[in-house]
1. Hey, got the Cα dimensions of the chain along the principal axes, in Å, largest first?
2. Once ligands and nucleic acids are excluded and a 1.4 Å probe is used, how much of Tyr47 is accessible, expressed in Å² to the nearest 10?
3. Asp124: accessible area at probe 1.4 Å, nearest 10 Å²?
4. Quote the FRET efficiency, to the nearest 0.05, computed for Leu111 versus His19 with a Förster distance R0 of 35 Å and r equal to the Cβ-Cβ distance.
5. Angle check, please: helix 149-159 long axis (alpha carbons) against the longest principal axis of the chain (alpha carbons), in degrees 0 to 90, nearest 10.
6. For the pair Lys185 and Thr28, how long in nm is the line joining their label points, each one 7 Å along Cα→Cβ?
7. Report the label-to-label distance for Glu192 and Arg173 in nanometres (one decimal), using points 7 Å from each Cα along the Cα→Cβ vector.
8. Could you give the angle, 0 to 90 degrees to the nearest 10, between helix 40-51's Cα long axis and the longest principal axis of the Cα atoms of the chain?
Amino acid sequence: MARCFVPSLITTTSWEGFHFVGHEIRITEAMDCYGAVVWPSALVLCYFLETNVKHYNMVDKNVIEIGAGTGLVSIVASLLGAHVTATDLPELLGNLQYNISRNTKMKCKHLPQVKELSWGIALDENFPRSSNNFDYILAADVVYAHPFLEELLITFDHLCKETTIILWVMKFRLEKENKFIDRFKELFDLEEIYNFPSLNIKLYKAVKKSQRSA
């Protein structure tokens, strides 16, 4: 999960280099925006996807990432063969599209899509339940000190069908994270897969509670 920072000595754009799935992935960040920075949780999820392909095979699977940020996780999922839809707020889509295009063009089985998703807003219009057919929802560090946790929970619920698997990595910082976990468990069966105490990060697998009785 190592990273290599390349300063802008020659060009006007700096980038960070990562190595996953046999590829060097070059990510451009925007340091003035929390949503356009590669956080450790994203590296944990990328590493998990790369090293657990037997149990979580991405090939030809329909995958959506919420809060995609710089796009690193979506890029790795695409390189692993998934149909990926990378989503985030409208102001982040330009940088997200740039990173995804430069790192997946001519390298992936399925060209990933970038789409706007503001949690809890116009979900029926932009992501109608009848057409939601996601095998996996990926999320890295989407829970933090912001006022949209209820909207995030609504979005998780809206995008899930009974067979959808959520792979969600979270860094615990404040009491709000623990309260969100309790709310999340009201709708989903949650299983802790990995724990990284040194980073205060946990990786979860979740499915809708209705799946248990199906």
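The values are calculated or read from the model by the stated rules, or taken from the named source; none is laboratory data. Given the structure is predicted, the values throughout are model-derived calculations rather than measurements. Cβ placement follows ideal geometry from the backbone for every residue including glycine, while neighbour counts extend to all protein chains displayed. Just the protein is used for accessible areas: all its heavy atoms, side chains included, with ligands, DNA and RNA removed. Shrake-Rupley method; radii C 1.70, N 1.55, O 1.52, S 1.80 Å.
1. Result for the chain: principal-axis Cα extents of 57, 37, 35 Å.
2. Only protein atoms counted, so the area is about 110 Å².
3. Here the residue's solvent-accessible area equals roughly 110 Å².
4. Approximately 0.95, to the nearest 0.05.
5. It is inclined by approximately 80 degrees.
6. That separation, rounded to one decimal, is 4.4 nm.
7. According to this spin-label approximation, the distance is 2.1 nm.
8. 80
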